[in-house]
4 protein chains.
Amino acid sequence: MSRAVFEREALIRFSHCDPAGIVFFPQYLVMFNGLVEDWFDQGLCLGYARVVRELGIGLPTVALQCEFSAPSHMGERVTLGLAVQRLGGKSITLQLSCRRADELRVKATQVLVTTDLASHQSIAVPALLRTAIEGFQTESAA
Amino acid sequence: MSRAVFEREALIRFSHCDPAGIVFFPQYLVMFNGLVEDWFDQGLCLGYARVVRELGIGLPTVALQCEFSAPSHMGERVTLGLAVQRLGGKSITLQLSCRRADELRVKATQVLVTTDLASHQSIAVPALLRTAIEGFQTESAA
Amino acid sequence: MSRAVFEREALIRFSHCDPAGIVFFPQYLVMFNGLVEDWFDQGLCLGYARVVRELGIGLPTVALQCEFSAPSHMGERVTLGLAVQRLGGKSITLQLSCRRADELRVKATQVLVTTDLASHQSIAVPALLRTAIEGFQTESAA
Amino acid sequence: MSRAVFEREALIRFSHCDPAGIVFFPQYLVMFNGLVEDWFDQGLCLGYARVVRELGIGLPTVALQCEFSAPSHMGERVTLGLAVQRLGGKSITLQLSCRRADELRVKATQVLVTTDLASHQSIAVPALLRTAIEGFQTESAA
């Protein structure tokens, strides 16, 4: 079975790097957060800011697993990738990656839950979001 | 007299914003740093990472003046602009801005000096960089 | 005339430093922001989080002027200092510094305005805050 | 068998928080990185900056597993904890936690490897570091 993948290029910047001259690992997670935003904007066509600000839906991370297999250096262009591993009742499990050409740099599994931003309580994945994710999966599989 | 301006679009991301829902001001300076990198890469065609890593030239900021006139919110697309105000013997003074349509959000003057990365001592702006900046000024004026 | 100064020690951490092995300058502004929080908590005894979260008062920066005179390296202990230069009707002008022993590393002037967090509109410096700042000035002068 | 735990208090700052008013999760990893530095300085008495800068030893993270069980808000004081789960030939596995009173906020397992900073190649955990970690384990168990 094919799996939809959303990809974006990113540049490793001076501000991502540490005194060892390579990406400081929390910066990968900031980059992946940006990829999730781009996926909401361009892959799901929902508008990330609209979901958060207008609909009052929060998307906090509840679990994260990462493997950092090779360092990335300032000035490199990398490819960030996102696939949906599981769409649960109240959670979305994403597979994330950072590659340069054939070399895998980072592989991550991130579980987001949907919450009511006012109360920080978890809520069922809203229909709007569920439908968009299902559409993304189907369309890419087609 | 016309002045060359290098511009890039940027998206205000979740990670730029603070609990007030607007850009946390140091993040503008991180964005401007990214703009300087893009200018080195695309405006001066020198390659920022190459200048820093291969040529061992540092570009620390020695002075900065900013005015933050209006807040930026998550999800907004802004235009970042850069112009060279002064090319000195050992320093480069940049005029930076962040606008959304007609609204000025941030205006900054930033003075960079060129240094030897090994010693952190200031050095004359290398010929390579001086020539590229003069070319950028002339070409845009043409 | 003496001037009250609020000081705190800080450690230059790995996460503050860039590929040149020195503090990435926006990180000084994040450190100064932490100093302002500590000053609200311990110098003004108001509780920064309470002012922002419970009273709904925002403290955005509208102007900033910095001089970076010497680099700071990972592992150094520095002293961050804050003094009130001017308490205006709707603004507070702070003098900030980062020193190591006798060496000045950074000097900054930062203008904060008080705003209503709900509307992002500027408001007069609330009496609570004005009284606390005046007390801080007097007490330290005594 | 008892296990040595190194703990430090931390304040949740404005700069750690996102537009939802809670800690942006990569900031926990920056805080944990600071805890590892404090452990090197105060728990192992080796000096983190000395290990990195003078001895040229890198400590990149190769694997990370986190559970974020409850949000942290600006102004809260939390306790960060570190224990050594495994001291391998070329790696150190840490158990990290962030708690507020009895409430667990974050639990993480982080695997660091020791590298030669010049080549970014992994090396055996240096004797200096191995001895210090074994001493930390024994002393705390006593």
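Scanning segment C:113-142 for residues that are assigned to a helix (DSSP H, G or I) and open to solvent by 70 Å² or more (accessible area, probe 1.4 Å) gives C:Ala127, C:Leu128, C:Thr131, C:Glu134, C:Thr138, C:Glu139.
Is it true that B:Thr79 is surrounded by fewer than 18 Cβ atoms within 10 Å (Cβ to Cβ) and among the β-branched types (Val, Ile, Thr)? Give the derivation first.
Values: surrounded by fewer than 18 Cβ atoms within 10 Å (Cβ to Cβ): yes; among the β-branched types (Val, Ile, Thr): yes.
Answer is yes for this residue.
Considering (1) touching a residue at least 40 places away in the same chain (Cβ under 8 Å); (2) surrounded by 20 or more Cβ atoms within 10 Å (Cβ to Cβ), the lone condition that C:Thr109 does not fulfil carries the number (2). Screening the candidates D:Glu67, D:Glu76, D:Glu103 for the property of being in contact (Cβ under 8 Å) with a residue 60 or more places away in the chain and under 30 Å from A:Pro60 (Cα atoms) yields one hit, D:Glu76.
Restricting attention to segment B:33-49, which residues are away from chain A (no Cβ under 12 Å) and open to solvent by 20 Å² or more (accessible area, probe 1.4 Å)? Spell out the reasoning first.
Our first condition is that a residue be away from chain A (no Cβ under 12 Å); within segment B:33-49, this holds for B:39, B:43-45.
Hits for segment B:33-49 are B:Gly43, B:Cys45.
Annotation: B:Gly56 fulfils all but one of (1) over 30 Å from D:His16 (Cβ atoms); (2) without any contact (Cβ under 8 Å) to a residue 60 or more places away in the chain; (3) small (Gly, Ala, Ser); the unmet one is (2). In segment D:1-13, the residue that is surrounded by the fewest Cβ atoms within 10 Å (Cβ to Cβ) out of those that are out of contact with any Leu (no Cβ under 9 Å at 6 or more places or on another chain) and either within 14 Å of chain A (Cβ to nearest Cβ) or at pLDDT 95 or above (or both) is D:Leu11. In the set (1) out of contact with any Ser or Thr (no Cβ under 9 Å at 6 or more places or on another chain); (2) facing chain B (nearest Cβ under 10 Å); (3) at pLDDT 95 or above; (4) open to solvent by 20 Å² or more (accessible area, probe 1.4 Å), A:Val30 fails one condition alone, (1).
Filtering segment B:50-60 to residues that are at the interface with another protein chain (Cβ under 9 Å from one of its Cβ atoms) and open to solvent by less than 20 Å² (accessible area, probe 1.4 Å) leaves B:Val52, B:Gly58.
The values are calculated or read from the model by the stated rules, or taken from the named source; none is laboratory data. None of the values given here were measured: they were computed from a predicted structure. Every residue, glycine among them, receives a Cβ derived from its backbone with ideal geometry; neighbour counts consider all protein chains shown. Surface areas here come from the heavy atoms of the whole protein model, side chains and all, with no ligands, DNA or RNA. Shrake-Rupley method; radii C 1.70, N 1.55, O 1.52, S 1.80 Å.
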